[in-house]
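All remarks here apply to the structure that follows.
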Amino acid sequence: MTRQVGFVVFALAALMPAVANADAQGMQLMKKWAGSDRCSLQAYKAFPDYTADSLTKRDQALQNCLAGGGLPPRDIPPPDKP
């Protein structure tokens with residue numbers, strides 16, 4: 001019985017650094033997503049209309065906010081051209 005408990009404690013102790021590293025990476029990723037969402041919300045509030053001009057300005061505001069915050073750019077597909 002004590003051998004089993006000892007093995008479980010050893011196994012958990014051995015895995016702790018890997019779990020802590022994964023948690024730190026996950027937290028960093030979540031902070032980037034939250035920052036990206038804030039930029040998106042700010043751009044939408046600045047240009048809430050759905051006209052072509054407003055959408056262009058909103059996309060530019062979003063890209064500027066992301067670049068200013070050191071966040072990765074969002075993938076925006078190119079518009080369909082007739």
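The values are calculated or read from the model by the stated rules, or taken from the named source; none is laboratory data. On a predicted model such as this, the values are computed, not experimentally measured, just so you know. Virtual Cβ from ideal backbone geometry, glycine too; neighbours counted across all protein chains shown.
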Between residues in the range 54-82 that are at positive phi and residues that are modelled with pLDDT under 95 and part of a loop (DSSP other than H, G, I, E, B), which pairs lie under 8 Å by C-beta distance while being six or more apart or on different chains? none
Those residues of the range 58-73 which are surrounded by 15 or more Cβ atoms within 10 Å (Cβ to Cβ) and assigned to a helix (DSSP H, G or I), in sequence order: 58, 61, 62, 63, 65, 66
Among 71, 55, 41, which is of a type in the set (A, V, I, L, M), in contact with an Asp or Glu (Cβ under 9 Å, 6 or more places away or on another chain) and modelled with pLDDT of 90 or more? 55
